[in-house]
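Notes follow once the structure below has been shown.
The values are calculated or read from the model by the stated rules, or taken from the named source; none is laboratory data. Source: prediction; values computed, not measured. Quick reminder, even Gly has a Cβ in these numbers, built from the backbone with ideal geometry, and neighbours come from all protein chains shown.
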Amino acid sequence: MTENLMDKIVSLSKRRGFIFQSSDIYGGLANTWDYGPYGVELKNNVKRAWWKACVYERNDIYGMDAAILMHPKVWEASGHVENFFDLKSDCKQCRKRFKAEDLKDKNKCPECAGELTEARPFNLMFKTHQGPVEEASNIVYLRPETAQGMFVNFSNILDSRHPKLPFGMAQIGKAFRNEITPGNFTFRTREFEQMEIEYFVRPEEAEEQLKQWIDFRFNWYLSLGLKKDNLRLRPHDKNELAHYAKACVDVEYRFPFVTRGASSEGTWSELEGIANRADFDLRQHSQFSGKDLQYFDDQAKQKFYPYIIEPSGGVDRTVLAFLVDAYHEEKVREDTRVVLKFNKDLAPVKVAVLPLLRNRPEIVDLAKKISTDLKKSFVTVYDDTGAIGKLYRRQDEVGTLFCVTVDVQSLEDKQVTVRDRDTMLQDRVNIESLKEYLQDKFY
Ligand code: ATP
């Protein structure tokens, strides 16, 4: 049952233009994905909703867009050069590669029972060279997280915006990790996007701030329609924490992945981690850069390193969770209706305008005109490439909120039929007031 659902999501994503295999015509690049016309809309809507809640609707967060390439010392200071590795073992027989922590038997291949090599450390950072000469002094890394771009801009924000604690920075951007075992569609890939916040607080307030951020972030997923039964918080055990971190709680979603030993109830997997990183990052960057990154409290006339609360989420995982959660199959008479019931803010398309008869130029012209008008206010598509039943089906499969149908009667009474995606109820609406009618539904 669960395996089926994931297969259905992958197939719908390709069939309807959400997500394609990268470099498809060359046989694909393993575990790399391209977002198609509806995928990019969904992804943008997820990012927009995050930015709105985390930046625009607050007074204490500053947006950032730092470069992917950074000074190599950043990654020494952050600990990534020294510590950002997984242990891997290779099968001598089938040549498959495994993350040592996933292996039950450290010596035996779980696929072919062949002998495994000893576990060896494998740094997950993609390394390349800046400029034409490939030598050690020119090494740069593709960032494995967006976070560091914010830590190194801490003093720029202080100097340009003069915020008082607590305050934060927010960034959405690509990150790269040379994962040993990518997979589960877009869940674990080597190139992905993160949505991260670094929130600077007084050390004594860190514990309380962490709690508030956990609540805030958990409720964000619910507010956009993820089912509560599929969402949970998982506090990290002490032995899971990075050595500097005081605490971390993951927001997990129950994905319909089938992994060895997982139950048919699905697999709880991380969407976002919310951590109390203490003062590790600012201390490290002060030490490595020689710049004092302490905060000056002008009332107490005191300098100190703020603690950092970091809510760090993945765009691609969040998009996948919304896709899975939105998927519904409903029996309609003899047929099965597949419908993606996205929240209105996330739906890639808000309105589709469909002519009932595509060989009647007056109907087609009117439908096109209505679509052109609506496009100024909502993401609207026009489609006349099939019979109406087929057109509805297509729009349901991409989660379009409303279908506006123009028929023969419309030419006379200047009214159209508006069909609601979820209830399938239809209203007859004056073309003149169509925009207001839809606006009322959206806002
Ligand atoms: P995991 O344990 O699943 O590898 P992580 O704990 O290493 O994840 P973080 O370093 O906390 O992940 O990164 C923050 C977020 O970035 C994750 O919650 C996830 O949503 C996203 N992320 C991390 N690695 C990947 C990846 N390889 N592919 C897609 N998203 C990722």
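Please verify whether D373 is acidic (D, E) and more than 30 Å from T336 (Cβ to Cβ), treating the condition exactly as stated.
It is true that D373 is acidic (D, E) and more than 30 Å from T336 (Cβ to Cβ).
Could you pull out the residue among V258, V251, V201 that is touching an Asp or Glu at 6+ places or on another chain (Cβ under 6 Å), in the same structural domain as E57 (by TED's automatic domain parsing) and either within 14 Å of the ligand (Cβ to nearest atom) or under 18 Å from A278 (Cα atoms) (or both)?
Checking each option against the conditions leaves just V251.
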Is it true that some residue in the stretch 254-277 is farther than 27 Å from I9 by Cβ, over 20 Å from the mean Cα position of the chain (by Cα) and modelled with pLDDT of 95 or more? yes
Of the conditions (1) closer than 30 Å to D325 by Cβ; (2) loosely packed, with under 13 Cβ neighbours inside 10 Å, the single one that F378 does not satisfy is (2)
A30 meets each of (1) modelled with pLDDT under 95; (2) under 20 Å from R394 (Cα atoms) with one exception, condition (2)
For the stretch 85-105, what are the residues that are farther than 15 Å from T181 by Cα and either surrounded by 13 or more Cβ atoms within 10 Å (Cβ to Cβ) or within 26 Å of the chain's Cα centre (by Cα) (or both)? Q93
Among the residues of the stretch 322-330, are any more than 16 Å from the ligand (Cβ to nearest atom), within 18 Å of the chain's Cα centre (by Cα) and not in a strand (DSSP E or B)? yes
Taking the condition of being crowded, with 19+ Cβ neighbours inside 10 Å and within 7 Å of the ligand (Cβ to nearest atom), how many residues in the stretch 176-185 meet it? 1
Residue check: is T189 near the ligand (Cβ under 9 Å from one of its atoms) and either at pLDDT below 95 or among the β-branched types (V, I, T) (or both)? yes
Pick out the one residue from F296, F288 that is surrounded by fewer than 20 Cβ atoms within 10 Å (Cβ to Cβ), at pLDDT 95 or above, in a strand (DSSP E or B) and not aliphatic (A, V, I, L, M). F296
What pairs can you find where one residue is in the stretch 229-252 and over 23 Å from E205 (Cα atoms), the other is aromatic (F, W, Y), and their Cβ atoms are less than 8 Å apart, with a gap of 6+ or different chains? N230/Y253; L231/F218; L231/Y221; L231/Y253; R232/W268; E252/W268
Answer yes if at least one residue in the stretch 290-309 is within 11 Å of the ligand (Cβ to nearest atom) and among the β-branched types (V, I, T), and no otherwise. no
Can you tell me how many residues within the stretch 384-433 are out of contact with any strand residue (DSSP E or B) (no Cβ under 6 Å at 6 or more places or on another chain), of a type in the set (D, E, K, R) and on the phi < 0 side of the Ramachandran plot? 10
For the stretch 136-174, what are the residues that are among the hydrophobic types (A, V, I, L, M, F, W, C), within 25 Å of A206 (Cβ to Cβ) and in contact with a strand residue (DSSP E or B) (Cβ under 9 Å, 6 or more places away or on another chain)? A147, M150, F151, F154, I157, L158, L165, F167, M169, A170, I172
Does the stretch 231-240 contain at least one residue that is under 17 Å from the mean Cα position of the chain (by Cα) and either within 11 Å of the ligand (Cβ to nearest atom) or surrounded by 17 or more Cβ atoms within 10 Å (Cβ to Cβ) (or both)? yes
Go through the stretch 30-144 and tell me which helices (runs of 4 or more DSSP H), entirely inside it, have 2 or more residues that are touching a residue at least 24 places away in the same chain (Cβ under 8 Å) and assigned by TED's automatic domain parsing to the domain that holds I274. 37-51
Criterion violated by I274 - all others in (1) within 12 Å of the ligand (Cβ to nearest atom); (2) out of contact with any Pro (no Cβ under 6 Å at 6 or more places or on another chain); (3) touching a residue at least 24 places away in the same chain (Cβ under 8 Å) satisfied: (2)
In the stretch 1-44, which residues are closer than 16 Å to E329 by Cβ and touching an Asp or Glu at 6+ places or on another chain (Cβ under 6 Å)? R16
On the given criteria, is Q171 part of a strand (DSSP E or B), under 30 Å from D298 (Cα atoms) and either outside the structural domain of K8 (by TED's automatic domain parsing) or touching a Ser or Thr at 6+ places or on another chain (Cβ under 9 Å) (or both)? yes
